[in-house]
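Comments concern the structure below.
Read-outs: derived from the displayed coordinates by stated rules, not from any lab. The structure presented is a predicted model; accordingly, all values stated were derived computationally and were not measured. Here the Cβ positions follow ideal geometry from the backbone for every residue, glycine too, while neighbour counts run over all protein chains shown.
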Amino acid sequence: MKRLFDFTSSLLGLFFFSPLFLLIAFIIALSSKGGVFYKQKRVGKGGKDFILYKFRTMVANADTKGLLSVGIKGKDPRVTPFGYLLRKYKIDELAQLINVVKGDMSLVGPRPEVRKYVDLYTQEQSEILRVRPGITDIASIKFRNENDLLAKNPNSEEYYINEIMPQKLSLSIEYLKTRTFCSDIKIIFKTIFG
């Protein structure tokens, strides 16, 4: 049921948003060098790697200068001016509908991480790898301002690993224990309208 809902909703979303996606792609291509999509290897269900898609919001090869983005506007020089707008309204994440259609992701589920951080998971935290990762979850809603929190700390990666990541994983584990179709719908609505 969940997979059917994910697939159908994402396919409809891609169709509905296609004019917006074409406009975004055109502006990204005109405003900075590099591809339209940012592609990054993330860890998915069963601990298998997959390629996650986002609309590119940073200069080309920005991830060679660090995996975390620290702040939105004026804090991370790698973020392009148009990228700032895409990030502010989370529009860059809509490209992950492609991942949902492909079956790499779900609409709702624990957010996927890069291997570097997954390798730090405890055995209990690794339980989240039993399900498809999602575009959104409770942790995404609670930490909407994650970039700003990271920007306030001199060692943003250490702060992420020791403070933010354990809280997000705790929320994801709780989600696994209590998830239902109705709770997923509530999370989607909180993400859009919250």
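Hydropathy at least 0.5 by Kyte-Doolittle, axial extent at least 15 angstrom from the Cα trace: which helices of the chain, defined as entire DSSP H runs, fit?
Length and hydropathy pass: 2-31, 181-193.
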Gyration tensor over alpha-carbon atoms, the stretch 8-63, equivalent ellipsoid semi-axes in Å: 22, 20, 5
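At 20 °C and 1.002 mPa s, grab the translational diffusion coefficient of the stretch 116-194 from Stokes-Einstein with a Kirkwood Rh over Cα pairs, rounded to a whole number in µm² per second.
Using the Kirkwood radius from Cα pairs, D works out to 157 µm²/s.
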Under the 7 Å Cα-to-Cβ spin-label approximation, LEU11 and LEU85 lie apart by a distance in nanometres of 3.2
Could you work out how far apart the two model spin labels at LYS142 and ILE185 are, taking each label as a point 7 Å from the Cα in the direction of the beta carbon, and quote it in nm? 2.5
How large is the helix-only mean residue ellipticity at 222 nm for the chain, computed as the sum of -39500 (n - 2.57) over DSSP H runs with n ≥ 4, divided by its residue count, in deg cm²/dmol to the nearest 500? -13500 deg cm²/dmol
The correct pair for the chain, radius of gyration to one decimal and Dmax as a whole number, both in Å and from Cα atoms, is 16.2, 46
Counted charge near ASP92, where neighbours are those whose Cβ lies closer than 11 Å (Asp, Glu -1; Lys, Arg +1): +4
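With 22 Å as the limit, write out which pairs from LYS54/LYS116; LYS41/LYS186; LYS45/LYS102; LYS45/LYS152; LYS102/LYS186; LYS48/LYS90 have Cα-Cα distances beyond it, or answer none.
Among LYS54/LYS116; LYS41/LYS186; LYS45/LYS102; LYS45/LYS152; LYS102/LYS186; LYS48/LYS90, the Cα-Cα distance tops 22 Å for LYS41/LYS186; LYS45/LYS152; LYS102/LYS186; LYS48/LYS90.
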